[in-house]
There are 2 protein chains.
Amino acid sequence: MPTSAIGIDLGGTNLKACIMNKTGEFRHLRRRPTQAQKGGPAVLDTIMRMIETVLADEGGSGGILGVGIGSPGFVDEDGTVLGGAQNLPGWEGMQIFEPIKSKFGLNVTAGNDVTVTALAESCFGAAKEVKNSVTLALGTGIGAGIVVNGKVYKGTHGMAGEMGHVIVETNGRQCTCGLKGCVEQYASGTGIVNVAREMCTSFTPQKPSTLARIALENPSGITAKLVYEHAEADDPYALYINDYICHKLSIAIGTILNSLAPDRIILGGGIMKSHELIIATVNKYTPRYCWNSIWERCDIVPAKAGENAGVLGAAALVFEEMEG
Amino acid sequence: MPTSAIGIDLGGTNLKACIMNKTGEFRHLRRRPTQAQKGGPAVLDTIMRMIETVLADEGGSGGILGVGIGSPGFVDEDGTVLGGAQNLPGWEGMQIFEPIKSKFGLNVTAGNDVTVTALAESCFGAAKEVKNSVTLALGTGIGAGIVVNGKVYKGTHGMAGEMGHVIVETNGRQCTCGLKGCVEQYASGTGIVNVAREMCTSFTPQKPSTLARIALENPSGITAKLVYEHAEADDPYALYINDYICHKLSIAIGTILNSLAPDRIILGGGIMKSHELIIATVNKYTPRYCWNSIWERCDIVPAKAGENAGVLGAAALVFEEMEG
C-alpha cells in the first residue's frame, strides 16, 4: 500500500520537490531554478525531471500514492492552469496533469501555492489543533489559504483565497488588479516599500530618523527588511510605517473574521521575519474591525510550518484527496 | 428508521415549526408570534410547545431523527446562545438544547437563521446544482450563509457569515456594530431607507421626482418597498438610489468572490422582491470588484427556496449533522 507522496512547490524563482509520508516526514528534498522566462512547457519539463530525480532517489514509484503540485495562480480540477500566475509567462492554459500521469503512471493533483501552505500549517504547523483556519502569506503580494473543518477549501476551479484584494481604503493605492485600496498595496513586501518611500520622503524632514535619511538619500534602497530592522531598533518613522500597514492589514483580517469566524489566523511569508511586532500591532487593531464574540474566540499567530511549507503542503494534498 | 426531522425557524416576530422529510417535503407547518419581549425562557417555552404540537400532529416521535433550530445570532455546538440576536432580549446565554432533549428524547442542533436558509437554497433552492455557494439575506440587516463542498459552513462556535459588515466605504455610514461603512448600512432595508431619505432631501429639488416629493413632504413615509416600486416605474431618483446601493453591495460581493470563489451567489430577503433590477445592477458593478477568472465562473441569482426556507433549512441541518 502506498505510504508516501511527491510534493512539488513551484515558485517564480525556485522549484522544490520531495517525497513525504503522511506524518510530514520528508526525504529527497531537491531544489532547482524555475527559469520561468523559458516559458510554460520548459517549466513543466523541469517539474518532470525533478519527479524523475526523486523517484530515482526513492528507488521506484511503488510506494507513491500520487503527485501534488503547489502553483501560483489557479489550477482547475482537471489540471488546466486557469491564470493568476503573473510571474510564470506561458503557464496559463497549460494542461499539467496528463504528461505526468502518462509518463509516471501516478495520479496528480494541484492547488494554489498559498492554499497548500495553509494545508501544511493545518497538518503540521500553527493550525494543527484547530478545525478552521485562514493562512495569509505576506510576500511580494498577499495570498490566503482557507482550511474548513480540517480540509483545505479550494473554491470553484481552485480560485479561492484572493484575500490580498480585500479593499481596505476606498479610492486608496492603485493595485495591479485594477482596484484601488487592496490590502496587498499596503501590507505586502511591495506595499511596505512603496508606503515607506512615500512616508519617509513626504514628512517634513526637520528631524528625519535614520530610516528617513536613507530614504531621502536613496529611495530605491528601501526594502521591507530594512523598514523592519529599523522598527526593531525603535526608529520612529519605521514604527509609524509598521503601525500604518498593520492597521490596514487588520481591516482585512476583521473582514475575514466576520465572514468566516475561523479558530485561528496564521500570518506567514517573508515579511513575518519581524513577526512579534506585526502580531502585536495586528492584535491591537483587529478587534476594532470585527464582532467581539468572534474576536474573543480567534487568535492570530505566526506561521510555523517553515520554509518547506509549500512542498510539504503540496504532498499533503495528495493524502487529503487520494487516500481511501 | 427515522425519516423525518423537525425544523424550527425562530424570528424576532414569528416562530415557525414543521416536520420535513429528506427531500424537502414538509407537513404540519405551524406559526406563532415569538413574543420576544417576554424574554428568553418564554421564547424557549413557546418553541417547546410548538414541538409538542407538531409531534401531536404527527402522532408521535418514532419517525423523527432530531430537531433543528434556525436562530438569529450565534448558537454554540452545545446549545448555548452566544449572542448576536439583538431582537431577542434575554436569548443570549440560554442553553436551548438540554430542555428539548430531556423533554422529547430527541437530539437537537442549531444554526444561524441565515446559515440554515443558505442550506435550504443548497438542498432545495437556487444552489441545488452547485457545490459552493454564498447566500446573502437582504432584510432589516444583511447576513450571509456559506455552503462549502455541499455542506453548510458554520464557522467556529457557529459565528460565520457576518458579511453584512464588510466595509464598502472608508469612513462611510455609521453602523450599529461600531464600524463605519458596512455594506449593511447601504443595501439592507434600513440602509436603503436611510440612503433614500438623505438623497431625496439633499438634492437640489428643482425638478423633484415623485419619490423625492414624497420624501420632501414626509421623510418617514419612505420604505425600501416604496423606493423599489418607484424604481420599477422609472422614477429617476429611485433608479439612482438603486444604482448607488447596488454599487455598494457589489463591492461586498466582489470581496466574497475573491475570497471564496463560490459557484454561485444567492440574493434573498425582503428587498429581493424587486430582484430583476437588483440582479441586473449588481451584475453591472460586481465584475469591477473581483478577478475576471472568478467572475466568469460564478453567477448571481435570486433565492428560490421561498418563504419557508428558514424552517426547511433548520430541518435540513438535522439530516446533514445527524444522519449516518
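Out of A:Gly125, A:Gly66, A:Gly70, report the one residue that is in contact with a Leu (Cβ under 7 Å, 6 or more places away or on another chain) and either in the same structural domain as A:Cys175 (by TED's automatic domain parsing) or crowded, with 24+ Cβ neighbours inside 10 Å (or both). Going through A:Gly125, A:Gly66, A:Gly70 in turn, the sole match is A:Gly70. Here B:Ala231, B:Ala212, B:Ala187, B:Ala224 are screened, and the one residue that is in contact with a Leu (Cβ under 7 Å, 6 or more places away or on another chain) and free of Cβ contacts under 8 Å to residues at least 60 places away in the same chain is B:Ala231.
When A:Leu179 is tested against (1) out of contact with any Ser or Thr (no Cβ under 8 Å at 6 or more places or on another chain); (2) not assigned by TED's automatic domain parsing to the domain that holds A:Asn258, exactly one condition is not met: (2). In this entry, A:Ile271 is excluded by the filter for residues that are touching a residue at least 60 places away in the same chain (Cβ under 8 Å), in a helix (DSSP H, G or I) and either over 22 Å from the mean Cα position of the chain (by Cα) or within 14 Å of another protein chain (Cβ to nearest Cβ) (or both). All told, A:Val43 meets the bar of being assigned to a helix (DSSP H, G or I) and in contact with a Ser or Thr (Cβ under 9 Å, 6 or more places away or on another chain). All conditions in (1) away from chain B (no Cβ under 14 Å); (2) at pLDDT 95 or above; (3) assigned to a helix (DSSP H, G or I) hold for A:Thr286, with the sole exception of (1). When B:Gly310 is tested against the conditions (1) of a type in the set (Gly, Ala, Ser); (2) outside any loop (DSSP other than H, G, I, E, B); (3) at pLDDT below 95, the lone failure is (3).
When the stretch B:1-30 is filtered for residues that are of a type in the set (Gly, Ala, Ser), closer than 24 Å to B:Ala85 by Cβ and within 20 Å of the chain's Cα centre (by Cα), the ones remaining, listed by number, are B:Gly7, B:Gly11, B:Gly12, B:Ala17.
If only residues of the stretch B:177-234 that are aromatic (Phe, Trp, Tyr) and surrounded by 20 or more Cβ atoms within 10 Å (Cβ to Cβ) are counted, the one that is nearest to B:Met163 (Cα to Cα) is B:Tyr186. I'd like to check something: does the stretch B:280-297 contain any residue that is buried (at least 23 other Cβ atoms within 10 Å of the Cβ), in the same structural domain as B:Ala137 (by TED's automatic domain parsing) and among the charged types (D, E, K, R)? Checked the stretch B:280-297: no residue is buried (at least 23 other Cβ atoms within 10 Å of the Cβ), in the same structural domain as B:Ala137 (by TED's automatic domain parsing) and among the charged types (D, E, K, R). Put simply, of A:Ile300, A:Ile265, A:Ile253 the only residue that is in contact with a Ser or Thr (Cβ under 8 Å, 6 or more places away or on another chain), within 14 Å of chain B (Cβ to nearest Cβ), of a type in the set (A, V, I, L, M, F, W, C) and assigned to a helix (DSSP H, G or I) is A:Ile253. Quick check on B:Thr156: is it in the same structural domain as B:Asn194 (by TED's automatic domain parsing), within 20 Å of A:Ala261 (Cβ to Cβ) and among the hydroxyl-bearing types (Ser, Thr, Tyr)? Spelling it out, B:Thr156 is indeed in the same structural domain as B:Asn194 (by TED's automatic domain parsing), within 20 Å of A:Ala261 (Cβ to Cβ) and among the hydroxyl-bearing types (Ser, Thr, Tyr). If you take the residues in the stretch A:46-89 that are in contact with a His (Cβ under 9 Å, 6 or more places away or on another chain) and in a loop (DSSP other than H, G, I, E, B), which one is nearest to A:Met322 (Cα to Cα)? Once the filter is applied, the top-ranked residue is A:Glu77.
Using beta carbons and a limit of 9 Å, which pairs, at least six apart or on different chains, have the first residue in the stretch B:90-105 and at positive phi and the second one part of a helix (DSSP H, G or I)? If the second residue must be part of a helix (DSSP H, G or I), the pairs left are B:Gly90/B:Ala36; B:Gly90/B:Lys38; B:Gly90/B:Gly40; B:Gly90/B:Pro41; B:Gly90/B:Ala42; B:Gly90/B:Val43; B:Gly93/B:Gly40.
Picking from residues in the stretch B:80-93 that are of a type outside the set (S, T, N, Q) and surrounded by fewer than 20 Cβ atoms within 10 Å (Cβ to Cβ), the one that is nearest to B:Val318 (Cα to Cα) is B:Leu82.
The values are calculated or read from the model by the stated rules, or taken from the named source; none is laboratory data. All values derive from a computational prediction rather than experimental measurement. Here the Cβ is made from the backbone with ideal geometry for all residues, glycine too, and neighbour counts use every protein chain on show.
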